[in-house]
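What follows is a single structure, written as structure tokens, with notes after it.
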Amino acid sequence: MSNFCPDWILSVALGIVVGDALMGTTSILANSQKFSDGLSKHYEEITKDFISDTANDIIAELNDIGIDEFTPRFVKSFVFNKIKFKDNGGSRRFNVFYNQFKGEKSPSNSRKLVSSFKAFVFRCRAQKVSLAPKNWNIHQEEQLDWLLNLVQQDPPKLSA
């Protein structure tokens, strides 16, 4: 049985990497290293190159779509929706009956992750999906356990 990182967790990580890059708070490379190191402790190795390349592809898609003042809210809402809802629209429940952090049998595909993000932005613009509440913050999501601890870690200092 394989232990690949679930798409929803990678999507949360990518949303944070992209959001921080758009806000100018943390570089893509530093956050990619942080998430690569942290996620690889729980799943098969996820390289920093996979994360940074996928994040750059998402930013390129956002650039093609047209980055505007609403883009950071869409990114935040993407993370919110990945935490709160499954791909089928059902609520993601964190309880003893189902382990949301259980590894997958096959690895994630960068193209699929980018397409998921792009589709989400289009649904937001068409008002087909709920935006995150303005006061929502991932740091409120205590049920994320080790993933929240990873999000809260400072990224490594990268040498030039």
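The values are calculated or read from the model by the stated rules, or taken from the named source; none is laboratory data. In this text the structure is predicted, and so the values were computed from the model without any measurement. As a convention, Cβ positions derive from the backbone with ideal geometry for all residues, glycine included, and neighbour counts pool all protein chains shown.
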Is one or more of the residues making up the stretch 105-119 aliphatic (A, V, I, L, M) and in contact (Cβ under 8 Å) with a residue 12 or more places away in the chain? yes
Restricting attention to the stretch 43-93, the residues that are of a type in the set (A, V, I, L, M, F, W, C), over 17 Å from the mean Cα position of the chain (by Cα) and in a loop (DSSP other than H, G, I, E, B) number exactly 2
Just name the residue that is surrounded by the fewest Cβ atoms within 10 Å (Cβ to Cβ) out of those in the stretch 59-103 that are in contact (Cβ under 8 Å) with a residue 12 or more places away in the chain and of a type in the set (Ser, Thr, Tyr). THR71
One residue is enough: does the stretch 15-33 have a residue meeting the conditions assigned to a helix (DSSP H, G or I), over 11 Å from the mean Cα position of the chain (by Cα) and closer than 16 Å to SER116 by Cβ? no
Of everything in the stretch 111-133, what is part of a helix (DSSP H, G or I) and either basic (Lys, Arg) or under 18 Å from LEU147 (Cα atoms) (or both)? Give them in sequence order. ARG111, LYS112, LYS118, ARG123, ARG125
Boolean, PHE122 is modelled with pLDDT under 90 and not charged (D, E, K, R): yes
For the stretch 13-35, which residues satisfy the criterion of being of a type in the set (S, T, N, Q), without any contact (Cβ under 8 Å) to a residue 40 or more places away in the chain and surrounded by fewer than 19 Cβ atoms within 10 Å (Cβ to Cβ)? THR25
Just to check your reading of the model, which residue among TRP136, TRP146 is closer than 19 Å to SER32 by Cα and of a type in the set (A, V, I, L, M, F, W, C)? TRP146
Is there a residue being assigned to a loop (DSSP other than H, G, I, E, B) and either under 23 Å from LEU29 (Cα atoms) or in contact (Cβ under 8 Å) with a residue 24 or more places away in the chain (or both) anywhere in the stretch 140-147? yes
Residue count, the stretch 94-110, condition within 17 Å of the chain's Cα centre (by Cα), outside any loop (DSSP other than H, G, I, E, B) and at pLDDT below 90, comes to 0
Unique match (being of a type in the set (Val, Ile, Thr) and either over 29 Å from ARG125 (Cβ atoms) or in contact with a strand residue (DSSP E or B) (Cβ under 6 Å, 6 or more places away or on another chain) (or both)) among ILE51, ILE67, ILE28, ILE46: ILE46
